[in-house]
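Worksheet for the structure shown next.
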Amino acid sequence: MTRAVVFAYHNVGVRCLKVLLAQGIAVPLVVTHDDDPGETQWFGSVAATAREYGIATIAPEDPNAADVVARVAALAPDFLFSFYYRRMLGAALLALPLRGALNMHGSLLPRFRGRAPVNWAVLAGERETGASLHYMTIKPDDGDIVAQMAVPILPDDTAREVFDKVTVAAEVTLDRTLPALVAGNAPRTTQDLSRGSYFGGRRPEDGIIDWNNDATSIHNLVRAVAPPYPGAFTAVGGVRARILRTRVADAAAPPTRPPVLESDGRRAFARCGGGGTLDVLALEVDGSAIAPSALARRFGAGPVRLGRPEA
């Protein structure tokens, strides 16, 4: 029986682990992460899934520590799989499997290598992304590609909605490719890294809106960081706020300086410093949701200035 040690986290980790088990792969060990109490846990638990199937599970701080490497080596796995595991696996681990170490990445490699690929793709205004199964090396996301599957990004999709599509693409990609991996005849395509780029992790402060940008760019930021991510931060009339959902109302509207938020009593819309108008569909001010009809009561009649939030 084919054996695999699995390093996994998040929804992609849950679904891809279940693919391995459904296809009869023996998984003697799952390596995962302890959940961060400061992070919204909107995704599935790999640890809980492993327990459901009676699989031994560990969550080391350092997967490359000598004791972890020794434990994996003792299992003599045919494959290592990494499914949205958040740490790099070092050379000692990658050398252990007899038939290769593979990772599932949430983009169409070589594009959007690195961290938070779905969020970066939405921020960039991409119209598609996907999932890529590739061999691992000691460099991030640069090994040979085995298989890919694309998914569309619609103009108003949030990163969460795109991530859900990528999760399905990852599951389908692994399910279709696994028999060929086990048989030893899966394809391998060398990546042309000159056609892609590497992106680092994102922080909550990366969600601060620059209203000097155009409406489409701001809309892409809002949907890239919309809940369950931290949201897009701004100030409305000098008060700290979050813009949670938008739609481009008029991309061609002339620039408005200074940028302002207005309401007609039914809808709220932002006039952007770089041009264009946004419908503001969901807004929080001082941590509380506020309806368009309440803007005048809170800030007075007329346009309200938009800017950067105070530190």
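The values are calculated or read from the model by the stated rules, or taken from the named source; none is laboratory data. Computed from a predicted model, the values in this text were never measured in an experiment. FYI the Cβ positions are ideal-geometry reconstructions off the backbone, even for glycines, and counts take in every protein chain you see. Keep in mind that these areas ignore ligands, DNA and RNA; they rest on the heavy atoms of the full protein, side chains included. Shrake-Rupley method; radii C 1.70, N 1.55, O 1.52, S 1.80 Å.
Go through (1) assigned to a helix (DSSP H, G or I); (2) open to solvent by 10 Å² or more (accessible area, probe 1.4 Å); (3) out of contact with any helix residue (DSSP H, G or I) (no Cβ under 9 Å at 6 or more places or on another chain) and name the single condition Ala169 misses. Condition not satisfied by Ala169: (2).
Determine if region 98-110 includes at least one residue that is hydrophobic (A, V, I, L, M, F, W, C), farther than 30 Å from Asn185 by Cβ and touching a Pro at 6+ places or on another chain (Cβ under 9 Å). No: region 98-110 contains no residue that is hydrophobic (A, V, I, L, M, F, W, C), farther than 30 Å from Asn185 by Cβ and touching a Pro at 6+ places or on another chain (Cβ under 9 Å).
Please enumerate the residues belonging to region 9-18 that are under 26 Å from Ala183 (Cβ atoms) and open to solvent by 10 Å² or more (accessible area, probe 1.4 Å). I'd like the intermediate steps shown before the answer.
At the first step, the residues of region 9-18 found to be under 26 Å from Ala183 (Cβ atoms) are 12-18.
Listed by number, the residues that qualify are Val14, Arg15, Lys18.
Scanning region 24-63 for residues that are outside any helix (DSSP H, G or I) and open to solvent by 60 Å² or more (accessible area, probe 1.4 Å) yields Asp34, Asp35, Asp36, Pro37, Gly38, Thr40, Gln41, Tyr53, Gly54, Glu61, Asp62. Note on region 1-23: residues that are assigned to a loop (DSSP other than H, G, I, E, B) and in contact with a helix residue (DSSP H, G or I) (Cβ under 9 Å, 6 or more places away or on another chain) amount to 3.
Tell me which residues, restricted to region 254-311, are touching a helix residue (DSSP H, G or I) at 6+ places or on another chain (Cβ under 7 Å) and surrounded by fewer than 16 Cβ atoms within 10 Å (Cβ to Cβ). Listed by number, the residues that qualify are Gly265, Arg266, Arg267. Of Leu94, Leu21, all but one fail to be within 22 Å of Arg188 (Cα to Cα) and either open to solvent by 10 Å² or more (accessible area, probe 1.4 Å) or touching a Pro at 6+ places or on another chain (Cβ under 6 Å) (or both); the exception is Leu94. Looking only at residues of region 69-86 that are aliphatic (A, V, I, L, M), assigned to a helix (DSSP H, G or I) and out of contact with any helix residue (DSSP H, G or I) (no Cβ under 8 Å at 6 or more places or on another chain), we find that the one that is surrounded by the most Cβ atoms within 10 Å (Cβ to Cβ) is Ala73. Take the conditions (1) of a type in the set (A, V, I, L, M); (2) modelled with pLDDT of 95 or more; (3) not in a strand (DSSP E or B); Ala294 misses just one of them, which is (2).
When Val6, Val14 are screened for being over 12 Å from Tyr53 (Cα atoms), among the hydrophobic types (A, V, I, L, M, F, W, C) and touching a residue at least 12 places away in the same chain (Cβ under 8 Å), only Val6 passes.
This table checks each residue for (1) open to solvent by 50 Å² or more (accessible area, probe 1.4 Å); (2) not in a strand (DSSP E or B).
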| site | (1), (2) |
| --- | --- |
| Arg99 | yes, yes |
| Asn103 | no, no |
| Glu126 | no, yes |
| Ser132 | no, no |
| Val146 | no, no |
| Asp157 | no, yes |
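Inside region 183-229, residues that are of a type in the set (A, V, I, L, M, F, W, C), touching a residue at least 60 places away in the same chain (Cβ under 8 Å) and crowded, with 18+ Cβ neighbours inside 10 Å make up a count of 9.
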